Every structure is written in structure tokens, then in C-alpha cells.
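Asks: Mind looking over this structure? Questions follow.
The values are calculated or read from the model by the stated rules, or taken from the named source; none is laboratory data. It should be emphasised that the depicted structure is a prediction, and the values quoted were computed from it without experimental measurement. A quick note on method: Cβ atoms are made from the backbone with ideal geometry, for glycine too, and the neighbour counts reach across all protein chains shown. These area figures cover heavy atoms from the full protein model, side chains too; ligands, DNA and RNA do not enter into them. Shrake-Rupley method; radii C 1.70, N 1.55, O 1.52, S 1.80 Å.
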Amino acid sequence: MVFRRSARRMRWLGCYGLGPMWKALLVFLVIAFAGQLLGVIFNKSWMQPERSRTLFALPSENFQGSSLGSCHPHMHIMFLKTHKTASSTVLNLLYRFGEERGLKFALPVGYQFGYPLPFIAQRVKGYRGPHMDKFDIIGNHMRFNRPEIEKVMPADTFYFSILRDPVALAESSYAYYKNVAPAFRRAKGLSDFADNPHKYYDPKLRNNHYARNLLWFDFGQDHNANFSLLLARRGVAAVRRNFRLVLLSEYFDHSMVLLRHALCWPLDAVVSFSLNARQQVSSGRSGWMGKSALPAPLGLTDEQKLKLREWNSLDWHLYQAFNLTFWQEIERFGQSRMEAEVALLRARREVLARACLRDGGRPVEASRIRDKAIRPFQSGLVKILGYELQSGLDNATWEVCLRMIRPEIQYKDLLDLRQFPRAQQPPWPDTLAGGPPVMRDSPVLRIEGQGGKRLVEKDWDGTKMHTGLHALLLAKFAQDVQAKGKLRHALGFTAHHFAIDSSLPCP
């Protein structure tokens, strides 16, 4: 009816000889009115941009920290991603920095560089020979081997890594690798293992390196060697020669300030949300924890903690040495200056969390995250939590926020797809650390036994999540569809990616 009236009016106006300019204006007004009416009818949802409101300005001059002087940002970075040390959060900021600046990543064919074997250059996707290709950033899990890394990275590459107290690391490793490391699998609990690790540990069994001197192993050294002060000092000296900066996960924000100044990066480049936080269930209440927290079920006595330090004596010596170095670096930086910058970093994180994240920035269970493309990988005894983005973000803000919460597996896939758009996907399926085939970005698909019952985890909408053979068949089907180019791409990568080998990342 409205459209008929508008048409009659237009014919009437045309009959009375209005000029072409007036006719054009009236046509525009009628079209605008019709569009507005349709917007009301359909709640305006289809006419509005999907993300329209800006919640914060980027960059913010008030949040960029103290002046970095006349230094130039480092663009060639090697990060040794140690296990269970908040290294996934560090890798995320490297991914962000490189993606925003169009840098080239040295990526593994899978998700790790042949770990636990020592790194070799041939593990880098697209590698054609020493120094034939220019890579800017390398940071996925590897066992350190500098001569091979130098074949891939430029001579001016900045090397750094991160450590964690061996007791806290053992607690986290046990929770994450319980079903992977034979020594952990045989023990009734971490307390049982700590009381007599020799009872359960066999150095010849695959994946037992997760159960002893894991940091020492990641740095490319013999983690089963008998401790001696001479051996420990030589190992520390080798790390000092190879790495210009070693961070501590227990003082993550202080570490980020040191890293920012060492790399000459803006503050926003090192602001992050904690990725791979673990869920904690205690006294009937659920919560979450970062990397340094201890889940209640794995609580240890002081005597057991001492035994774990003795068991991981090479790691403990390494940690003590670089803990001392870390605080010496802070003294040189200036205590008051450090505290001011840490406060600024935390304030910026709060601003971004309020702008980006739902639920006040608190992590949520993977099964509650509606966008399956940003669900974190799951493994072990505890659930790994993730984040949900605020609704109504403008495009620029949404992209910044998404980069900060995108899980490691999905982020690597995205970068891989952009660097190798025509490359074939790796073969499917394969295994995680020698286990059964698993899905890449749907790790919440699992069945847990409890009291003789089979528990099936449910998705955010209450539907049962696929497990076992059903999940594998579903994964194979999705891969076949993807190969035919019929699977819808979101954000430059498909929502369903699947694991290929023991290269799945370990945070």
C-alpha cells in the first residue's frame, strides 16, 4: 500500500512538469523512506553493519608507556616456546605483531617442529635451503638446535625464551600430560609420583621427557644426565650464549615490560590475555587459574615439592640462575620505573578486556564458546578455558580483540593459509603424542569415565558433543568437504581443522 501511494505521487508530480533535478531528489527520498520502513519491519538487523560501535581507540597515546628513544623495532625473532610456561600467550603476541606488519613466519608443517626430536631446518614449511628464504619470526614448539635455526633465521635474530619454577611446571605438566607420559600415567596421582618418581619413570619410554627436567630437554640438553654442578653450570652458560633474554612466567607482566624494551615494541604489542588458563574445581565451586596457579586436586606437601625439585634438579638450577639474572635486569631497568610500566600494562589490559570480552573478561569453558573456531584445544585432567567476544564491536576493534583471544592452533592455521594459500592440507588423520586420532579445534569432544559411568560433554546449546568413532567420521567428512572447496571459510580459515600428528601444541 505504501509503495502504491508513493508511485501515484511520483506519477502526479511528473505530470505537473517538475524539473529533472526535483524528480531525482524525490526519487531519492522515496527510496530512503522505503528502506527505512523495511528496516523497521526487519528490526534493521540486515541493514546495519555487523559490528558498528567503537569501544576504544587504537592506538591510545596515553597507554603506550615510556619513550623507547631512537631504537628500531626488532623484526627478526626466535622464541623458544618451552612447555607449560605461559608460552602460548607469548606466541600469541608474536603472531599478532607479525600478522599486523606482514612479517613472514617460519611455520612447521604440523604444529611443532618435529618435537621431541631436535629441530632441523627441513621441518620449516617452504624451506628450500640455507638462507634461501627470509623468515622473520619462529616460535612454535621445538627442541632447541641453534645451528639448524641459523639456516632459517637471519643473523641479527633476537633469541629469547621463558622459564617456570619446576614444581609449578611439574604440577601443570602432570595435569596436561597425564595420559601422554607413561610415568604420569602409571602413578595414582602427582603426590604418588613425587614420593618415588624412580618407581614410575623409565627413561627409554617415549614422552617420559615430560616427567623430568622438561625445560632442560627443551633447551636441547640431556635431561636424564646425572646432576653435577659442573654440568649444570655448563648448561646455564650455553643458554646465556644463545639467548639474549630469558623471562619468568611467575612475573609475566614484568617480563613483558623487559621484552617490550628489548624489542623496542609499543606497549599494545605486549599486552595480552592469559591463554590456556585451566579450570579449577574446589569445594564445590568452579573457577579459573593462570599458569602459575595450583589446581586443588594436585596439591603437594612441602616435602613433596622438595622431592620434585630434586627430581628436576637440572631445571631447578637453570631456574635459579635465570631468576637471579631476571632481577638483576629489573634493577638495571629501575624498580620504580618497572612498577610504573607494569601498572600501565595492567591498566591497558583491563581497558581491552572490558572492550573485548564478555563476562567481565573471565575465561569460560570451551563448550560454552559459541564460535567453535575460537575454542581452545583440550588435553589432560583439567579443562582449558577460552574467551567470548563482546557483541557490537566495529570491524577494527573486533579484529584486534579476535587476534588477542584466537587459540594457538587456529592462529597457526590462519597464518599458514595466508602464507601458503595453494598448499595442500596435511594428511588426515594422525595422532597426538602417539595416541588415537584427535580433532584440531574441537578438543572438547571427549568422553570421561567417572564412577563407572560414561559422561558425554554437552555443547553451549545443550546438544551432545560428538565423541569416539562418530567424531572421527565427522572429521573425515569435514575434510572431504573442505577438499572440494565447499566448506565455508570464516576469517580466512575454515572453522573445522583437524590434528595431523604429534605436533599439536603444548602450552
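Asks: Please enumerate the residues belonging to the stretch 227-236 that are among the small types (Gly, Ala, Ser) and either open to solvent by 10 Å² or more (accessible area, probe 1.4 Å) or farther than 17 Å from Leu324 by Cα (or both). If you could, list the steps in order and put the result at the bottom.
Replies: Initially, the stretch 227-236 is screened for residues among the small types (Gly, Ala, Ser), giving 228, 232, 235.
Hit for the stretch 227-236 is Ser228, nothing else.
Asks: Within the stretch 70-78, is there a residue that is part of a loop (DSSP other than H, G, I, E, B), modelled with pLDDT under 95 and open to solvent by 70 Å² or more (accessible area, probe 1.4 Å)?
Replies: Pass one, the stretch 70-78, residues part of a loop (DSSP other than H, G, I, E, B): 70-76.
Then drop every residue that is not modelled with pLDDT under 95, which leaves 70-72.
So of that shortlist, the ones also open to solvent by 70 Å² or more (accessible area, probe 1.4 Å) come out as 70, 72.
Within the stretch 70-78, one or more residues are part of a loop (DSSP other than H, G, I, E, B), modelled with pLDDT under 95 and open to solvent by 70 Å² or more (accessible area, probe 1.4 Å).
Asks: Could you please find all residues in the stretch 186-203 being open to solvent by 10 Å² or more (accessible area, probe 1.4 Å) and either at pLDDT 95 or above or β-branched (Val, Ile, Thr) (or both)?
Replies: Arg186, Ser191, Asp192, Asp195, Asn196, Pro197, His198, Lys199, Tyr200, Tyr201, Asp202, Pro203 - these are the residues of the stretch 186-203 that are open to solvent by 10 Å² or more (accessible area, probe 1.4 Å) and either at pLDDT 95 or above or β-branched (Val, Ile, Thr) (or both).
Asks: Assuming Asn208 fulfils every condition listed in (1) open to solvent by less than 40 Å² (accessible area, probe 1.4 Å); (2) within 21 Å of Glu310 (Cβ to Cβ); (3) touching a Ser or Thr at 6+ places or on another chain (Cβ under 6 Å) apart from one, which condition is it?
Replies: Just one mismatch for Asn208, condition (3).
Asks: Name the single residue that is modelled with the highest pLDDT among those in the stretch 326-375 being open to solvent by 10 Å² or more (accessible area, probe 1.4 Å) and assigned to a loop (DSSP other than H, G, I, E, B).
Replies: Gly334
Asks: Now for a different question. Check Ser172, Ser161 and return the single one that is open to solvent by less than 50 Å² (accessible area, probe 1.4 Å), modelled with pLDDT of 95 or more and small (Gly, Ala, Ser).
Replies: Only one candidate passes the filter, namely Ser161.
Asks: Then there's this: Here's a check for you: in the stretch 277-325, which residue that is modelled with pLDDT of 95 or more and touching a Pro at 6+ places or on another chain (Cβ under 8 Å) is surrounded by the most Cβ atoms within 10 Å (Cβ to Cβ)?
Replies: Asp315
Asks: Here's a follow-up. Restricting to the stretch 157-189, name every residue that is more than 26 Å from the chain's Cα centre (by Cα) and touching a residue at least 12 places away in the same chain (Cβ under 8 Å).
Replies: Pro182, Ala183, Arg186, Ala187, Gly189, listed by residue number.
Asks: Let me ask another. What is the residue count in the stretch 80-90 for residues that are closer than 21 Å to Ala155 by Cα and either open to solvent by 10 Å² or more (accessible area, probe 1.4 Å) or under 14 Å from the mean Cα position of the chain (by Cα) (or both)?
Replies: 1
Asks: Separate question: List every residue pair whose Cβ atoms sit under 6 Å apart, with the two residues 6 or more apart in sequence or on different chains, where the first one lies in the stretch 117-137 and is more than 22 Å from Asp222 (Cα to Cα) and at pLDDT 95 or above and the second, anywhere, is open to solvent by less than 80 Å² (accessible area, probe 1.4 Å) and of a type in the set (Lys, Arg).
Replies: Pairs found: Phe135/Lys104; Asp136/Lys104.
Asks: Hey, does the stretch 219-228 have a residue that's at pLDDT 95 or above and part of a helix (DSSP H, G or I)?
Replies: No, that holds for no residue.
Asks: Let me ask something else about it. Here is a list: Val239, Val246. Which entry is of a type in the set (Val, Ile, Thr), assigned to a helix (DSSP H, G or I), touching a residue at least 24 places away in the same chain (Cβ under 8 Å) and surrounded by 14 or more Cβ atoms within 10 Å (Cβ to Cβ)?
Replies: Val239
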